[in-house]
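Here the structure comes first, spelled out in structure tokens, and everything after it is commentary.
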Amino acid sequence: AQSVTQLDSQVPVFEEAPVELRCNYSSSVSVYLFWYVQYPNQGLQLLLKYLSGSTLVKGINGFEAEFNKSQTSFHLRKPSVHISDTAEYFCAVSVGRREYGNKLVFGAGTILRVKS
Amino acid sequence: NAGVMQNPRHLVRRRGQEARLRCSPMKGHSHVYWYRQLPEEGLKFMVYLQKENIIDESGMPKERFSAEFPKEGPSILRIQQVVRGDSAAYFCASSPTGSHRSDEQYFGPGTRLTVT
């Protein structure tokens with residue numbers, strides 16, 4: 001069965017510092033991987049997704065992620081964070097066959113706290 | 001183009017009452033997913049529906065929970081005889097027709113259910 005592990009429940013970082021949020025997955029089939037962001041009391045917004053091709057994926061708000069098949073990882077990075085990046089970040093993998101839809105398996109989330 | 005709409009945003013129910021959560025997908029989307037987010041946890045898949053059909057309900061509790069997506073109107077997640085353990089945030093997501101594993105899901109703001 002597919003699963004997603006986010007290794008850090010909280011990551012504190014100072015403004016303008018770089019950050020990496022770690023995500024590992026397990027899957028016996030080819031994977032589609034996603035990172036979502038959730039601001040307080042809001043729904044999830046897609047940051048980026050890996051479907052195929054280049055292993056370095058660029059997303060919105062200056063975020064990027066690198067797919068590493070040998071390490072089964074999909075870590076999220078940003079070279080310089082802002083206060084407004086404070087939110088919870090979820091890594092997810094797509095499972096299921098086409099006719100049964102595209103249910104997502106989520107990690108437990110990582111809270112990014114950006115301090116001034 | 002309005003996003004995914006969910007109502008109510010907050011719902012308080014006493015133990016034993018019924019809870020009805022509504023989700024209107026994005027215009028042109030005919031695929032709806034429901035997820036539940038328990039405190040301190042990531043989102044867990046509950047059910048996947050297309051218009052008038054339940055496609056995958058493998059994540060739904062066997063009792064008290066039901067979902068529908070009628071030909072007209074919003075998708076409804078119904079919880080009968082609620083218990084304190086049902087307190088959670090319930091998110092709806094929609095995706096375009098022809099749901100493939102790579103299709104992006106667009107999330108609503110969620111309904112936060114509190115059972116007292």
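Observations on the structure shown:
- Within segment B:4-116, strands (runs of 3 or more DSSP E) holding 2 or more residues that are touching a residue at least 60 places away in the same chain (Cβ under 8 Å): B:5-7, B:10-13, B:19-24, B:29-37, B:75-79, B:88-96, B:111-115
- The lone criterion from (1) within 24 Å of A:Val105 (Cα to Cα); (2) within 14 Å of chain A (Cβ to nearest Cβ) left unmet by B:Glu68 is number (2).
- Tally of residues being within 21 Å of B:Arg36 (Cα to Cα) and at pLDDT 90 or above across segment A:24-66: 12
- Per the conditions (1) open to solvent by 10 Å² or more (accessible area, probe 1.4 Å); (2) in contact with a Leu (Cβ under 8 Å, 6 or more places away or on another chain); (3) within 23 Å of A:Gly109 (Cβ to Cβ), the sole criterion not satisfied by B:Gly59 is (2).
- Test: B:Pro8 is over 30 Å from A:Asp8 (Cβ atoms), surrounded by fewer than 19 Cβ atoms within 10 Å (Cβ to Cβ) and either among the hydroxyl-bearing types (Ser, Thr, Tyr) or in contact with a Ser or Thr (Cβ under 9 Å, 6 or more places away or on another chain) (or both): yes
- Options B:Ser95, B:Ser24; residue that is open to solvent by less than 10 Å² (accessible area, probe 1.4 Å) and either modelled with pLDDT of 95 or more or not aromatic (Phe, Trp, Tyr) (or both): B:Ser95
- In segment A:1-21, the residue that is surrounded by the fewest Cβ atoms within 10 Å (Cβ to Cβ) out of those that are assigned to a loop (DSSP other than H, G, I, E, B) and of a type in the set (D, E, K, R) is A:Glu16.
- Residues in segment A:22-44 that are in a strand (DSSP E or B) and of a type outside the set (A, V, I, L, M, F, W, C) were compared, and the one that is surrounded by the most Cβ atoms within 10 Å (Cβ to Cβ) is A:Tyr36.
The values are calculated or read from the model by the stated rules, or taken from the named source; none is laboratory data. Just so it is clear, the structure is predicted and the values come from calculations on it, not from any experiment. Counting neighbours? That spans all protein chains shown, and the Cβs are built from the backbone with ideal geometry, glycine included. Accessible surface is based on the protein model in full, side chains and every heavy atom, while ligands, DNA and RNA are left aside. Shrake-Rupley method; radii C 1.70, N 1.55, O 1.52, S 1.80 Å.
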